[in-house]
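The structure appears below as C-alpha coordinates.
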Amino acid sequence: MSSSTNLPLSQTPQTLFASIDVGTNSFKLLIIRAYPTGKFHTITRLKQPVVLGRDFFSSSASPPRISNHSQSRSLDSLLYFKTVIDSHRIDRDHTRAVATQAVREAENQKEFIECVKEKTGFEVDVLSGEDEARFAYLGVLQFLPVFEKLVLCVDIGGGSTEFVIGKEGKIVFCESLKLGHVSLSEKFVTSGGEFDILKMRECIRMVVEESGLVEKVKRCGFEVAVGSSGTIRAIEKAVFKGYCQYFGDNVGLLGDCKRDWRLSRVDLKGVVERLLCHGAEGDSVRRERFFKRKSEFIVAGAVLLEEIFGLLGIEEMEVSGYGLGEGVIAERLGMVFDGYDLNANARWRSVVRLAMRFNGKRRIKSAAQCASIAKDIFEGLRKCDGFDSDQAKLIASLDEKDLEYLEAACLLHNIGLFISKKGYHKQSYRIIMNGDQLYGYSAEEIKLIALLAKHHRKKLPKFGHASSKDFSEERFRILCAIMRLSVNLQQNEWLNVQEIEFLHSHEGFKLVIGEERDRPFLPGTPQPTAEDIGVELRLELEYFKSVFRQELLIVLVPSDGSTDSNDNIACERDVNH
(Lines give C-alpha, C1' and ligand atoms only; values in the text may rest on other atoms or scores of the structure.)
Protein backbone atom coordinates (compact mmCIF):
# COMPACT_ATOMS: atom_id res chain seq x y z
CA MET A 1 0.00 0.00 0.00
CA SER A 2 1.32 3.43 -0.86
CA SER A 3 0.22 6.83 0.27
CA SER A 4 -1.43 9.38 -1.92
CA THR A 5 1.96 11.08 -2.19
CA ASN A 6 3.47 7.88 -3.65
CA LEU A 7 5.85 7.55 -0.72
CA PRO A 8 6.04 4.60 1.68
CA LEU A 9 4.01 5.49 4.74
CA SER A 10 7.11 5.27 6.94
CA GLN A 11 8.61 8.16 4.92
CA THR A 12 5.60 10.47 4.93
CA PRO A 13 5.88 13.47 7.25
CA GLN A 14 2.68 12.70 9.15
CA THR A 15 1.44 9.26 10.21
CA LEU A 16 -0.51 10.27 13.32
CA PHE A 17 -4.31 10.48 13.26
CA ALA A 18 -6.83 11.53 15.91
CA SER A 19 -10.56 11.10 16.48
CA ILE A 20 -12.77 12.82 19.04
CA ASP A 21 -16.06 11.23 20.05
CA VAL A 22 -18.43 13.78 21.59
CA GLY A 23 -20.64 11.19 23.24
CA THR A 24 -23.73 11.33 25.38
CA ASN A 25 -21.92 9.94 28.44
CA SER A 26 -18.26 10.74 27.85
CA PHE A 27 -15.93 12.50 25.42
CA LYS A 28 -13.15 10.31 24.04
CA LEU A 29 -9.86 11.14 22.32
CA LEU A 30 -7.99 8.51 20.31
CA ILE A 31 -4.58 9.06 18.70
CA ILE A 32 -3.04 6.34 16.52
CA ARG A 33 0.05 5.88 14.39
CA ALA A 34 -0.66 4.27 11.03
CA TYR A 35 1.65 1.78 9.29
CA PRO A 36 2.01 0.93 5.59
CA THR A 37 0.49 -2.55 5.81
CA GLY A 38 -2.79 -1.12 7.11
CA LYS A 39 -2.26 -1.83 10.79
CA PHE A 40 -2.15 0.93 13.37
CA HIS A 41 -0.89 1.38 16.90
CA THR A 42 -2.69 3.29 19.66
CA ILE A 43 -0.59 6.18 20.97
CA THR A 44 -3.06 7.85 23.33
CA ARG A 45 -6.57 7.06 24.57
CA LEU A 46 -8.30 9.57 26.87
CA LYS A 47 -11.81 9.83 28.28
CA GLN A 48 -13.60 12.71 29.97
CA PRO A 49 -16.90 11.96 31.86
CA VAL A 50 -18.83 15.00 30.64
CA VAL A 51 -22.25 13.23 30.77
CA LEU A 52 -24.20 15.50 28.45
CA GLY A 53 -27.15 13.18 28.93
CA ARG A 54 -27.60 13.79 32.66
CA ASP A 55 -29.46 17.09 32.40
CA PHE A 56 -30.40 16.28 28.83
CA PHE A 57 -32.58 13.26 29.63
CA SER A 58 -33.66 14.28 33.13
CA SER A 59 -34.88 17.67 31.95
CA SER A 60 -38.56 18.14 31.20
CA ALA A 61 -37.69 20.59 28.42
CA SER A 62 -39.10 19.64 25.04
CA PRO A 63 -37.26 19.64 22.74
CA PRO A 64 -34.24 19.00 24.99
CA ARG A 65 -31.30 21.38 25.25
CA ILE A 66 -27.63 21.19 26.21
CA SER A 67 -27.38 23.24 29.40
CA ASN A 68 -24.84 26.02 29.96
CA HIS A 69 -23.16 23.87 32.61
CA SER A 70 -22.79 20.91 30.20
CA GLN A 71 -21.53 23.22 27.48
CA SER A 72 -18.88 24.61 29.82
CA ARG A 73 -17.74 21.09 30.80
CA SER A 74 -17.67 20.14 27.14
CA LEU A 75 -15.41 23.06 26.23
CA ASP A 76 -13.03 22.27 29.09
CA SER A 77 -12.67 18.69 27.87
CA LEU A 78 -12.24 19.63 24.22
CA LEU A 79 -9.66 22.30 25.03
CA TYR A 80 -7.72 19.67 26.96
CA PHE A 81 -7.95 17.33 23.96
CA LYS A 82 -6.70 20.16 21.72
CA THR A 83 -3.64 20.58 23.94
CA VAL A 84 -2.85 16.87 23.65
CA ILE A 85 -3.37 16.84 19.87
CA ASP A 86 -1.19 19.93 19.42
CA SER A 87 1.55 18.38 21.55
CA HIS A 88 1.67 15.49 19.07
CA ARG A 89 1.71 17.98 16.15
CA ILE A 90 -1.09 16.20 14.35
CA ASP A 91 -2.30 17.84 11.13
CA ARG A 92 -5.80 19.26 11.30
CA ASP A 93 -6.68 17.20 8.21
CA HIS A 94 -5.80 14.08 10.21
CA THR A 95 -8.18 14.97 13.06
CA ARG A 96 -11.93 14.46 13.03
CA ALA A 97 -14.47 15.21 15.76
CA VAL A 98 -17.93 13.60 15.70
CA ALA A 99 -20.98 13.92 17.95
CA THR A 100 -23.68 11.35 18.65
CA GLN A 101 -27.16 11.10 20.19
CA ALA A 102 -27.22 13.96 22.73
CA VAL A 103 -25.96 16.59 20.29
CA ARG A 104 -28.03 15.05 17.51
CA GLU A 105 -31.26 15.56 19.49
CA ALA A 106 -30.47 18.91 21.10
CA GLU A 107 -32.55 21.93 20.11
CA ASN A 108 -29.47 24.15 20.48
CA GLN A 109 -27.24 21.84 18.43
CA LYS A 110 -26.16 24.60 16.02
CA GLU A 111 -25.30 26.98 18.86
CA PHE A 112 -23.24 24.26 20.58
CA ILE A 113 -21.33 23.34 17.40
CA GLU A 114 -20.53 26.97 16.60
CA CYS A 115 -19.33 27.60 20.16
CA VAL A 116 -17.03 24.58 20.02
CA LYS A 117 -15.55 25.74 16.70
CA GLU A 118 -15.00 29.29 18.00
CA LYS A 119 -13.37 28.21 21.29
CA THR A 120 -11.39 25.13 20.15
CA GLY A 121 -11.15 25.20 16.37
CA PHE A 122 -12.75 21.75 16.09
CA GLU A 123 -15.44 21.34 13.45
CA VAL A 124 -17.75 18.74 14.97
CA ASP A 125 -19.68 16.51 12.56
CA VAL A 126 -23.03 15.46 14.02
CA LEU A 127 -23.53 11.84 12.98
CA SER A 128 -26.83 10.32 11.99
CA GLY A 129 -27.75 7.10 13.77
CA GLU A 130 -26.88 5.19 10.59
CA ASP A 131 -23.42 6.79 10.35
CA GLU A 132 -22.81 6.04 14.03
CA ALA A 133 -23.65 2.38 13.39
CA ARG A 134 -21.41 2.27 10.32
CA PHE A 135 -18.40 3.65 12.20
CA ALA A 136 -18.92 1.13 15.01
CA TYR A 137 -18.77 -1.67 12.40
CA LEU A 138 -15.62 -0.25 10.80
CA GLY A 139 -14.04 -0.13 14.26
CA VAL A 140 -14.91 -3.79 14.86
CA LEU A 141 -13.15 -4.75 11.62
CA GLN A 142 -9.93 -3.23 12.98
CA PHE A 143 -10.01 -5.49 16.06
CA LEU A 144 -11.61 -8.83 15.20
CA PRO A 145 -10.97 -11.14 12.23
CA VAL A 146 -14.57 -11.03 11.02
CA PHE A 147 -14.11 -9.21 7.71
CA GLU A 148 -15.44 -12.09 5.60
CA LYS A 149 -18.33 -12.95 7.94
CA LEU A 150 -21.85 -11.55 8.09
CA VAL A 151 -21.56 -9.58 11.33
CA LEU A 152 -24.23 -8.16 13.61
CA CYS A 153 -22.62 -5.31 15.52
CA VAL A 154 -24.30 -3.89 18.64
CA ASP A 155 -23.07 -0.60 20.08
CA ILE A 156 -24.72 0.65 23.29
CA GLY A 157 -24.23 4.36 23.86
CA GLY A 158 -25.49 6.79 26.45
CA GLY A 159 -28.52 7.91 24.44
CA SER A 160 -28.95 5.34 21.70
CA THR A 161 -28.03 1.84 20.63
CA GLU A 162 -26.84 1.14 17.11
CA PHE A 163 -27.38 -2.13 15.25
CA VAL A 164 -25.55 -2.83 12.01
CA ILE A 165 -25.12 -5.92 9.85
CA GLY A 166 -22.16 -5.87 7.51
CA LYS A 167 -19.88 -8.07 5.43
CA GLU A 168 -16.48 -7.35 3.88
CA GLY A 169 -16.69 -3.70 4.89
CA LYS A 170 -20.09 -3.11 3.29
CA ILE A 171 -23.26 -2.31 5.23
CA VAL A 172 -26.20 -4.66 4.72
CA PHE A 173 -28.52 -3.14 7.32
CA CYS A 174 -28.35 -0.59 10.12
CA GLU A 175 -30.75 0.81 12.69
CA SER A 176 -30.42 3.27 15.57
CA LEU A 177 -32.84 3.03 18.51
CA LYS A 178 -33.28 5.65 21.24
CA LEU A 179 -32.23 3.29 24.00
CA GLY A 180 -29.07 4.13 25.95
CA HIS A 181 -27.61 3.42 29.36
CA VAL A 182 -27.77 7.09 30.42
CA SER A 183 -31.28 7.75 29.08
CA LEU A 184 -32.65 4.56 30.65
CA SER A 185 -30.93 5.29 33.97
CA GLU A 186 -32.38 8.79 34.15
CA LYS A 187 -35.85 7.67 33.09
CA PHE A 188 -36.28 4.70 35.41
CA VAL A 189 -34.42 5.68 38.56
CA THR A 190 -36.74 5.84 41.58
CA SER A 191 -36.81 8.44 44.34
CA GLY A 192 -34.83 6.02 46.50
CA GLY A 193 -32.01 5.84 43.98
CA GLU A 194 -32.89 2.30 42.79
CA PHE A 195 -34.17 1.29 39.37
CA ASP A 196 -37.63 0.19 38.29
CA ILE A 197 -36.30 -2.78 36.37
CA LEU A 198 -39.70 -4.15 35.28
CA LYS A 199 -40.72 -0.88 33.65
CA MET A 200 -37.26 -0.52 32.13
CA ARG A 201 -37.55 -3.95 30.50
CA GLU A 202 -41.07 -3.15 29.26
CA CYS A 203 -39.82 0.08 27.70
CA ILE A 204 -36.92 -1.67 25.94
CA ARG A 205 -39.19 -4.36 24.51
CA MET A 206 -41.76 -1.82 23.35
CA VAL A 207 -39.17 0.33 21.50
CA VAL A 208 -37.63 -2.74 19.85
CA GLU A 209 -41.04 -4.11 18.87
CA GLU A 210 -42.22 -0.81 17.38
CA SER A 211 -39.01 -0.51 15.34
CA GLY A 212 -39.43 -3.92 13.72
CA LEU A 213 -35.78 -4.62 14.54
CA VAL A 214 -36.22 -8.33 15.28
CA GLU A 215 -37.89 -9.04 11.93
CA LYS A 216 -35.33 -6.96 10.01
CA VAL A 217 -32.40 -8.76 11.63
CA LYS A 218 -33.98 -12.17 10.97
CA ARG A 219 -34.43 -11.32 7.29
CA CYS A 220 -30.74 -10.37 6.94
CA GLY A 221 -29.38 -13.06 9.25
CA PHE A 222 -25.91 -12.99 10.79
CA GLU A 223 -23.04 -15.41 11.42
CA VAL A 224 -21.50 -13.72 14.45
CA ALA A 225 -22.67 -11.07 16.94
CA VAL A 226 -20.17 -8.48 18.14
CA GLY A 227 -20.42 -5.88 20.90
CA SER A 228 -18.32 -2.77 20.35
CA SER A 229 -19.21 -0.28 23.10
CA GLY A 230 -17.54 0.57 26.39
CA THR A 231 -20.55 -0.75 28.30
CA ILE A 232 -20.30 -4.18 26.67
CA ARG A 233 -16.53 -4.26 27.18
CA ALA A 234 -17.02 -3.40 30.87
CA ILE A 235 -19.47 -6.30 31.31
CA GLU A 236 -17.17 -8.77 29.52
CA LYS A 237 -14.20 -7.60 31.60
CA ALA A 238 -16.22 -8.00 34.79
CA VAL A 239 -16.90 -11.63 33.84
CA PHE A 240 -13.20 -12.14 33.11
CA LYS A 241 -12.23 -10.60 36.45
CA GLY A 242 -14.62 -12.84 38.36
CA TYR A 243 -17.37 -10.37 39.27
CA CYS A 244 -20.05 -13.07 39.38
CA GLN A 245 -17.88 -15.56 41.29
CA TYR A 246 -16.65 -13.01 43.80
CA PHE A 247 -16.80 -13.94 47.47
CA GLY A 248 -14.91 -12.41 50.39
CA ASP A 249 -11.64 -10.77 49.35
CA ASN A 250 -10.77 -12.99 46.37
CA VAL A 251 -11.08 -10.32 43.71
CA GLY A 252 -10.54 -11.71 40.21
CA LEU A 253 -10.78 -15.47 40.54
CA LEU A 254 -10.17 -15.73 36.80
CA GLY A 255 -7.12 -13.50 36.88
CA ASP A 256 -4.76 -16.24 35.74
CA CYS A 257 -6.79 -16.98 32.63
CA LYS A 258 -6.29 -15.30 29.28
CA ARG A 259 -9.00 -12.86 28.30
CA ASP A 260 -11.02 -14.32 25.43
CA TRP A 261 -13.10 -11.26 24.45
CA ARG A 262 -16.36 -13.23 24.47
CA LEU A 263 -19.58 -12.93 26.42
CA SER A 264 -22.13 -15.72 26.68
CA ARG A 265 -25.81 -15.39 27.53
CA VAL A 266 -25.17 -17.29 30.77
CA ASP A 267 -22.30 -14.94 31.69
CA LEU A 268 -24.47 -11.89 31.02
CA LYS A 269 -27.33 -13.30 33.10
CA GLY A 270 -24.93 -13.80 36.01
CA VAL A 271 -23.72 -10.18 35.81
CA VAL A 272 -27.26 -8.81 35.72
CA GLU A 273 -28.32 -10.94 38.69
CA ARG A 274 -25.28 -9.81 40.66
CA LEU A 275 -25.92 -6.15 39.80
CA LEU A 276 -29.53 -6.43 40.95
CA CYS A 277 -28.63 -8.26 44.17
CA HIS A 278 -29.23 -6.04 47.21
CA GLY A 279 -28.89 -8.57 50.02
CA ALA A 280 -25.13 -8.73 50.51
CA GLU A 281 -23.21 -5.95 52.21
CA GLY A 282 -20.76 -4.04 50.07
CA ASP A 283 -22.52 -4.72 46.74
CA SER A 284 -22.37 -1.07 45.72
CA VAL A 285 -18.72 -0.81 46.77
CA ARG A 286 -17.83 -3.91 44.76
CA ARG A 287 -19.77 -2.58 41.77
CA GLU A 288 -17.81 0.66 41.86
CA ARG A 289 -14.53 -1.24 42.15
CA PHE A 290 -15.29 -3.35 39.10
CA PHE A 291 -17.00 -0.78 36.90
CA LYS A 292 -15.48 2.48 38.22
CA ARG A 293 -16.94 5.46 36.32
CA LYS A 294 -19.44 3.23 34.54
CA SER A 295 -20.95 2.00 37.81
CA GLU A 296 -23.63 4.71 37.76
CA PHE A 297 -25.09 3.51 34.46
CA ILE A 298 -23.97 -0.13 34.28
CA VAL A 299 -27.25 -1.58 35.60
CA ALA A 300 -29.26 -0.03 32.77
CA GLY A 301 -26.61 -1.02 30.23
CA ALA A 302 -26.53 -4.64 31.40
CA VAL A 303 -30.32 -4.97 31.47
CA LEU A 304 -30.53 -3.45 27.97
CA LEU A 305 -27.91 -5.88 26.66
CA GLU A 306 -29.69 -8.84 28.26
CA GLU A 307 -32.92 -7.84 26.53
CA ILE A 308 -31.08 -7.52 23.19
CA PHE A 309 -29.63 -11.03 23.64
CA GLY A 310 -33.08 -12.44 24.31
CA LEU A 311 -34.98 -10.58 21.58
CA LEU A 312 -32.41 -11.29 18.85
CA GLY A 313 -31.65 -14.85 19.94
CA ILE A 314 -27.97 -14.22 20.69
CA GLU A 315 -26.29 -16.99 22.69
CA GLU A 316 -22.72 -15.69 22.51
CA MET A 317 -21.22 -12.35 21.54
CA GLU A 318 -17.65 -11.53 20.61
CA VAL A 319 -16.44 -8.31 22.17
CA SER A 320 -14.39 -5.73 20.28
CA GLY A 321 -11.78 -3.59 21.98
CA TYR A 322 -12.33 -1.01 19.24
CA GLY A 323 -15.44 0.96 18.36
CA LEU A 324 -16.61 4.22 16.87
CA GLY A 325 -13.34 6.13 17.37
CA GLU A 326 -11.28 3.54 15.50
CA GLY A 327 -13.96 3.39 12.81
CA VAL A 328 -13.72 7.15 12.25
CA ILE A 329 -9.95 6.85 11.86
CA ALA A 330 -10.23 3.81 9.58
CA GLU A 331 -12.41 5.79 7.19
CA ARG A 332 -9.92 8.67 7.23
CA LEU A 333 -7.03 6.31 6.49
CA GLY A 334 -8.97 5.01 3.50
CA MET A 335 -9.24 8.57 2.17
CA VAL A 336 -5.60 9.50 2.77
CA PHE A 337 -3.82 6.30 1.70
CA ASP A 338 -4.39 4.38 -1.50
CA GLY A 339 -5.42 0.76 -1.12
CA TYR A 340 -6.00 0.86 2.64
CA ASP A 341 -6.75 -2.67 3.82
CA LEU A 342 -9.67 -2.76 6.28
CA ASN A 343 -8.68 -6.28 7.33
CA ALA A 344 -5.00 -5.59 8.00
CA ASN A 345 -5.19 -4.40 11.59
CA ALA A 346 -7.35 -7.33 12.70
CA ARG A 347 -4.88 -9.66 10.97
CA TRP A 348 -2.01 -8.18 12.97
CA ARG A 349 -4.03 -8.30 16.18
CA SER A 350 -4.36 -12.06 15.73
CA VAL A 351 -0.54 -12.23 15.96
CA VAL A 352 -0.58 -10.12 19.12
CA ARG A 353 -3.40 -12.20 20.56
CA LEU A 354 -1.52 -15.45 19.94
CA ALA A 355 1.62 -14.02 21.57
CA MET A 356 -0.34 -12.90 24.63
CA ARG A 357 -2.11 -16.24 24.92
CA PHE A 358 1.17 -18.08 25.52
CA ASN A 359 3.36 -15.38 27.08
CA GLY A 360 3.31 -13.26 30.20
CA LYS A 361 4.16 -9.56 30.28
CA ARG A 362 7.91 -10.11 30.64
CA ARG A 363 8.27 -12.39 27.62
CA ILE A 364 5.89 -10.21 25.58
CA LYS A 365 8.10 -7.22 26.33
CA SER A 366 11.21 -9.13 25.22
CA ALA A 367 9.55 -10.28 22.01
CA ALA A 368 8.31 -6.76 21.23
CA GLN A 369 11.80 -5.38 21.78
CA CYS A 370 13.17 -8.02 19.42
CA ALA A 371 10.64 -6.96 16.77
CA SER A 372 11.68 -3.32 17.21
CA ILE A 373 15.37 -4.18 16.66
CA ALA A 374 14.48 -6.24 13.58
CA LYS A 375 12.47 -3.35 12.16
CA ASP A 376 15.41 -0.94 12.60
CA ILE A 377 17.80 -3.31 10.84
CA PHE A 378 15.28 -4.11 8.07
CA GLU A 379 14.65 -0.44 7.32
CA GLY A 380 18.36 0.34 7.55
CA LEU A 381 19.17 -2.34 4.97
CA ARG A 382 16.56 -1.03 2.54
CA LYS A 383 18.28 2.36 2.57
CA CYS A 384 21.68 0.87 1.67
CA ASP A 385 22.99 0.86 -1.90
CA GLY A 386 26.30 -0.98 -1.58
CA PHE A 387 25.17 -4.39 -2.90
CA ASP A 388 25.89 -6.16 -6.17
CA SER A 389 23.11 -5.78 -8.74
CA ASP A 390 21.29 -9.06 -8.09
CA GLN A 391 21.34 -8.68 -4.32
CA ALA A 392 20.44 -5.00 -4.59
CA LYS A 393 17.35 -5.89 -6.61
CA LEU A 394 16.32 -8.53 -4.07
CA ILE A 395 16.75 -6.24 -1.06
CA ALA A 396 14.99 -3.42 -2.89
CA SER A 397 12.08 -5.77 -3.53
CA LEU A 398 11.53 -6.33 0.20
CA ASP A 399 8.29 -4.62 1.11
CA GLU A 400 6.10 -3.88 4.11
CA LYS A 401 4.58 -7.36 3.96
CA ASP A 402 8.06 -8.84 4.47
CA LEU A 403 8.52 -6.55 7.45
CA GLU A 404 5.17 -7.73 8.84
CA TYR A 405 6.24 -11.40 8.54
CA LEU A 406 9.52 -10.56 10.28
CA GLU A 407 7.84 -8.65 13.11
CA ALA A 408 5.23 -11.40 13.54
CA ALA A 409 7.93 -14.07 13.81
CA CYS A 410 9.82 -11.96 16.36
CA LEU A 411 6.68 -11.49 18.44
CA LEU A 412 5.98 -15.24 18.38
CA HIS A 413 9.49 -16.72 18.50
CA ASN A 414 9.39 -17.44 22.27
CA ILE A 415 5.81 -18.71 22.72
CA GLY A 416 7.16 -22.28 22.85
CA LEU A 417 8.59 -21.50 26.28
CA PHE A 418 5.03 -21.96 27.54
CA ILE A 419 5.48 -25.70 26.89
CA SER A 420 9.17 -26.32 27.53
CA LYS A 421 12.45 -24.42 27.72
CA LYS A 422 14.29 -27.22 25.96
CA GLY A 423 13.83 -26.96 22.22
CA TYR A 424 11.29 -24.16 22.68
CA HIS A 425 11.95 -22.82 19.16
CA LYS A 426 10.53 -26.06 17.76
CA GLN A 427 7.50 -25.77 20.03
CA SER A 428 6.97 -22.20 18.79
CA TYR A 429 6.96 -23.56 15.22
CA ARG A 430 4.37 -26.21 16.08
CA ILE A 431 2.05 -23.76 17.85
CA ILE A 432 2.11 -21.32 14.92
CA MET A 433 1.60 -24.07 12.33
CA ASN A 434 -1.05 -26.10 14.15
CA GLY A 435 -2.89 -23.57 16.31
CA ASP A 436 -5.16 -22.19 13.58
CA GLN A 437 -5.01 -18.85 15.39
CA LEU A 438 -3.47 -16.53 12.78
CA TYR A 439 -6.29 -14.97 10.78
CA GLY A 440 -6.05 -13.36 7.37
CA TYR A 441 -2.74 -15.04 6.50
CA SER A 442 -2.40 -17.64 3.76
CA ALA A 443 -0.96 -21.09 4.49
CA GLU A 444 2.29 -20.01 2.81
CA GLU A 445 2.54 -16.88 4.94
CA ILE A 446 1.92 -18.83 8.14
CA LYS A 447 4.61 -21.35 7.18
CA LEU A 448 7.09 -18.53 6.53
CA ILE A 449 6.40 -16.96 9.95
CA ALA A 450 6.63 -20.37 11.65
CA LEU A 451 9.96 -21.25 9.99
CA LEU A 452 11.45 -17.89 10.91
CA ALA A 453 10.44 -18.54 14.53
CA LYS A 454 11.92 -22.05 14.38
CA HIS A 455 15.26 -20.91 12.98
CA HIS A 456 15.86 -17.95 15.25
CA ARG A 457 18.38 -20.04 17.22
CA LYS A 458 20.46 -23.24 17.12
CA LYS A 459 20.94 -24.78 13.67
CA LEU A 460 21.00 -22.58 10.60
CA PRO A 461 18.23 -23.23 8.07
CA LYS A 462 18.81 -25.74 5.29
CA PHE A 463 17.03 -25.60 1.97
CA GLY A 464 16.15 -27.89 -0.89
CA HIS A 465 13.34 -29.70 0.97
CA ALA A 466 9.57 -29.33 0.95
CA SER A 467 9.37 -26.61 3.60
CA SER A 468 11.11 -24.03 1.40
CA LYS A 469 9.13 -24.55 -1.81
CA ASP A 470 6.46 -21.98 -0.94
CA PHE A 471 8.78 -18.94 -0.89
CA SER A 472 12.13 -17.66 -2.16
CA GLU A 473 15.15 -19.19 -0.42
CA GLU A 474 17.16 -15.97 -0.66
CA ARG A 475 14.29 -13.89 0.67
CA PHE A 476 13.97 -16.25 3.64
CA ARG A 477 17.73 -16.14 4.31
CA ILE A 478 17.62 -12.34 4.47
CA LEU A 479 14.72 -12.29 6.94
CA CYS A 480 16.25 -15.13 8.96
CA ALA A 481 19.62 -13.37 9.25
CA ILE A 482 17.93 -10.21 10.51
CA MET A 483 15.82 -12.15 12.98
CA ARG A 484 18.66 -14.26 14.42
CA LEU A 485 20.78 -11.16 14.96
CA SER A 486 17.86 -9.27 16.53
CA VAL A 487 17.06 -12.08 18.99
CA ASN A 488 20.71 -12.37 19.99
CA LEU A 489 21.07 -8.63 20.51
CA GLN A 490 17.88 -8.49 22.57
CA GLN A 491 18.99 -11.37 24.79
CA ASN A 492 22.47 -9.89 25.38
CA GLU A 493 22.26 -8.50 28.90
CA TRP A 494 25.27 -6.21 28.43
CA LEU A 495 23.77 -4.14 25.63
CA ASN A 496 21.28 -1.28 25.70
CA VAL A 497 19.16 -1.87 22.61
CA GLN A 498 16.47 0.71 23.31
CA GLU A 499 17.94 2.77 20.51
CA ILE A 500 20.13 1.40 17.76
CA GLU A 501 21.35 2.88 14.49
CA PHE A 502 22.11 0.87 11.35
CA LEU A 503 24.63 2.53 9.02
CA HIS A 504 26.39 1.67 5.77
CA SER A 505 29.51 2.91 4.00
CA HIS A 506 32.11 1.59 1.54
CA GLU A 507 33.69 -0.27 4.48
CA GLY A 508 30.53 -2.27 5.16
CA PHE A 509 27.66 -2.23 7.66
CA LYS A 510 27.86 -0.68 11.09
CA LEU A 511 25.42 -1.19 13.99
CA VAL A 512 25.71 1.46 16.71
CA ILE A 513 24.40 0.21 20.08
CA GLY A 514 24.43 1.58 23.61
CA GLU A 515 26.61 -0.18 26.18
CA GLU A 516 24.85 -0.89 29.49
CA ARG A 517 27.61 0.40 31.78
CA ASP A 518 25.22 1.44 34.55
CA ARG A 519 24.37 -2.21 35.19
CA PRO A 520 25.12 -3.17 38.84
CA PHE A 521 27.75 -5.86 39.36
CA LEU A 522 28.31 -8.23 42.24
CA PRO A 523 31.41 -7.49 44.34
CA GLY A 524 34.47 -9.05 42.75
CA THR A 525 32.75 -9.61 39.39
CA PRO A 526 34.72 -8.07 36.49
CA GLN A 527 32.86 -5.85 34.05
CA PRO A 528 32.44 -7.39 30.59
CA THR A 529 34.91 -6.62 27.84
CA ALA A 530 34.08 -6.09 24.19
CA GLU A 531 35.26 -9.64 23.57
CA ASP A 532 32.83 -10.99 26.20
CA ILE A 533 29.97 -9.15 24.54
CA GLY A 534 30.99 -10.42 21.13
CA VAL A 535 31.33 -14.15 21.87
CA GLU A 536 27.66 -15.01 21.49
CA LEU A 537 27.26 -12.66 18.54
CA ARG A 538 30.04 -14.15 16.44
CA LEU A 539 27.97 -16.94 14.88
CA GLU A 540 25.19 -14.56 13.91
CA LEU A 541 27.64 -12.02 12.50
CA GLU A 542 29.22 -14.71 10.36
CA TYR A 543 25.79 -15.81 9.09
CA PHE A 544 24.87 -12.18 8.42
CA LYS A 545 28.05 -11.73 6.40
CA SER A 546 27.37 -14.90 4.37
CA VAL A 547 23.89 -13.64 3.49
CA PHE A 548 24.70 -9.99 2.73
CA ARG A 549 28.30 -10.58 1.55
CA GLN A 550 29.55 -7.71 3.67
CA GLU A 551 30.86 -7.48 7.19
CA LEU A 552 28.80 -6.02 10.02
CA LEU A 553 30.70 -4.04 12.67
CA ILE A 554 29.26 -3.58 16.15
CA VAL A 555 30.02 -0.19 17.70
CA LEU A 556 29.33 0.28 21.42
CA VAL A 557 28.50 3.75 22.68
CA PRO A 558 28.76 4.10 26.47
CA SER A 559 25.48 4.90 28.21
CA ASP A 560 26.97 8.16 29.53
CA GLY A 561 27.13 9.42 25.95
CA SER A 562 30.94 9.58 25.76
CA THR A 563 32.67 8.29 22.64
CA ASP A 564 36.11 6.76 22.99
CA SER A 565 37.25 5.88 19.45
CA ASN A 566 39.92 3.46 20.68
CA ASP A 567 37.35 1.43 22.60
CA ASN A 568 35.02 1.40 19.63
CA ILE A 569 37.69 0.27 17.20
CA ALA A 570 38.77 -2.46 19.62
CA CYS A 571 35.19 -3.55 20.01
CA GLU A 572 34.73 -3.78 16.25
CA ARG A 573 37.95 -5.78 15.90
CA ASP A 574 37.17 -8.13 18.81
CA VAL A 575 33.64 -8.86 17.67
CA ASN A 576 34.38 -9.54 14.04
CA HIS A 577 37.75 -11.29 14.03
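The values are calculated or read from the model by the stated rules, or taken from the named source; none is laboratory data. No experiment lies behind these values; they were computed from the predicted model shown. Note: ideal-geometry Cβ built from the backbone for every residue, glycine included; neighbour counts use all protein chains shown. Areas reflect the complete protein model, heavy atoms only, side chains present, ligands, DNA and RNA absent. Shrake-Rupley method; radii C 1.70, N 1.55, O 1.52, S 1.80 Å.
The table below lists the values:
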quantity	calculated
Contact order normalised by residue count of segment 332-463, Cα under 8 Å, 6+ apart, percent	27 percent
Dipole moment magnitude, nearest 20 debye, segment 322-427 about Cα centre, only Lys, Arg, Asp, Glu C-beta charged	1060 debye
Accessible area (Å², 1.4 Å probe, nearest 10) - CYS244	30 Å²
Over 24 Å (Cα to Cα) - which of LYS459/LYS545; LYS39/LYS545; LYS149/LYS218; LYS110/LYS170; LYS28/LYS269; LYS187/LYS292 fall in this group	LYS39/LYS545; LYS110/LYS170; LYS28/LYS269
Sequence ranges 121-131, 23-33, ranked by mean other-Cβ count within 10 angstrom, highest first	23-33, 121-131
Sites LYS426 and LYS269, calculated FRET efficiency, Cβ-Cβ separation with R0 56 Å, nearest 0.05	0.80
Protection-proxy order for peptides 77-90, 144-157, each taking the mean of Cβ atoms within 10 Å per residue, highest first	144-157, 77-90
Hull-based mean projected area of segment 313-387, where the convex hull spans the alpha carbons, in square nanometres	8.9 nm²
Separation of the LEU276 and ARG219 label points, Cα + 7 Å toward Cβ, nm	3.2 nm
Mean separation of Cα contacts under 8 Å (6+ apart) over length of segment 50-167, as relative contact order %	22 percent
log10 of Debye I(q)/I(0), alpha-carbon scatterers only, for segment 88-139 at 0.26 Å⁻¹	-1.04
Segment 47-196: radius of gyration and largest Cα-Cα distance (Dmax), Å	17.2, 49
Hull volume in cubic angstrom per residue (convex hull over the Cα atoms of segment 363-427)	97 Å³
